[in-house]
1. If you go through the range 45-77, how many residues are without any contact (Cβ under 8 Å) to a residue 12 or more places away in the chain and under 25 Å from ALA2 (Cα atoms)?
2. Residues that are surrounded by 14 or more Cβ atoms within 10 Å (Cβ to Cβ) and in contact with a helix residue (DSSP H, G or I) (Cβ under 9 Å, 6 or more places away or on another chain), at least 3 per element: which helices (runs of 4 or more DSSP H) completely within the chain meet that?
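Values in this text are rule-based calculations from the coordinates and carry no lab data. Note that this is a predicted model, so its numbers are computed, not measured. So basically every Cβ, Gly included, is an ideal-geometry build from the backbone, and we count neighbours across all protein chains shown.
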Amino acid sequence: MAKPVSFQEDILLLFTERDIHAMSKAFNLASYDDVKTHADAIYDRIRGIGGAVMPPPPPRGEGPWAQANVELFAQWMKDGFQP
């Protein structure tokens, strides 16, 4: 059985410094607690639901995420938000 997806080892690495800075007025993407609290909204936005896809495409950002990364985020949620 594969080990559960964790915030520190898997999810945090998906957020760039640019992403963290861009979202800092709303919440901290580098914070496990903040990302867990806002996981549903983050998951929607990385899929382009409820607004423009995040992170935005160049030149404003490095996004959107590859499908594998979107699926990894979903797996983290399914695995119970492991720290």
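1. The total comes to 4.
2. Ranges flagged: 32-37, 39-46, 67-78.
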